[in-house]
Amino acid sequence: MTAILLLHGPNLNLLGTREPGVYGAVTLEEINTRMIAAGAERGVEVRAFQSNHEGALVDALHEARQWAAGVVFNPAAYTHTSIALRDAITGTGLKVVEVHLSNVHAREEFRHKSMLAPVCIGQISGFGWRSYLLGLEAILGYLNGG
């Protein structure tokens, strides 16, 4: 069975209560549940992990190279700052789709630049929790050569 890491960055544990006008009312637990179910429908195991700590996210990427075919990753604020996460993606060789709940390009200028996008296979943003679902479809399509 193919396995996908669903990786969530800082402050995403606050989803559902954190700025619902920007990030929506769906909680992280609900996103994980929906994504695990979506994976199961496609014959794919989805394993979810969230951390507010950059090093823990790096460690999760390192560990995933032993079991994951790819990663759906919302790096949150680390999108714009983390060379460590960029290097982890490059160093592991994992195929990663970067996702964001909000349309980062319609927000503050500092959110327009992703340090990670150049080493990911693609970026999806602006579709709320469905950005994750679209990310799953994208990574599976990529891995299946379609």
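The values are calculated or read from the model by the stated rules, or taken from the named source; none is laboratory data. What you are looking at is a predicted structure, and each value in this text was computed from that prediction instead of being measured. Please note: Cβ atoms are built from the backbone with ideal geometry, for glycine as well, and neighbour counts cover all protein chains shown. Just the protein is used for accessible areas: all its heavy atoms, side chains included, with ligands, DNA and RNA removed. Shrake-Rupley method; radii C 1.70, N 1.55, O 1.52, S 1.80 Å.
Numbers at a glance
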{"quantity": "Whole-Hz couplings from phi, Karplus 6.51/-1.76/1.60, listed for the range 129-146; x for Gly and Pro", "calculated": "4, 5, 4, 5, 4, 5, x, 5, 4, 5, 5, 5, x, 5, 5, 8, x, x"}
{"quantity": "Extended-chain gain in nm, criterion 0.36 nm per residue less alpha-carbon gap, residue 144 and residue 67", "calculated": "26.0 nm"}
{"quantity": "Accessible area of the range 41-146 belonging to carbon and sulfur atoms, whole % at 1.4 Å probe", "calculated": "51 percent"}
{"quantity": "For residue 48, distant residues with modelled amide H under 5 Å away", "calculated": "6"}
{"quantity": "Options (1) 312; (2) 125; (3) 95 - which one matches volume of the Cα convex hull per residue in Å³ as calculated here", "calculated": "(3)"}
{"quantity": "Simple Cβ-charge dipole of the chain, Lys/Arg +1 and Asp/Glu -1, about Cα centre, in debye nearest 20", "calculated": "200 debye"}
{"quantity": "Anisotropy class of the range 62-131 from Cα gyration tensor, a/c 1.5 cut", "calculated": "oblate"}
{"quantity": "Burial ranking of peptide ranges 38-47, 128-137 (average Cβ count within 10 Å, highest at the top)", "calculated": "128-137, 38-47"}
{"quantity": "Two-site FRET efficiency, residue 37 against residue 109, from Cβ-Cβ distance with R₀ of 30 Å, rounded to 0.05", "calculated": "0.20"}
{"quantity": "Per residue accessible area in Å² of the range 1-96, where ligands, DNA and RNA are left out and the probe is 1.4 Å", "calculated": "46 Å²"}
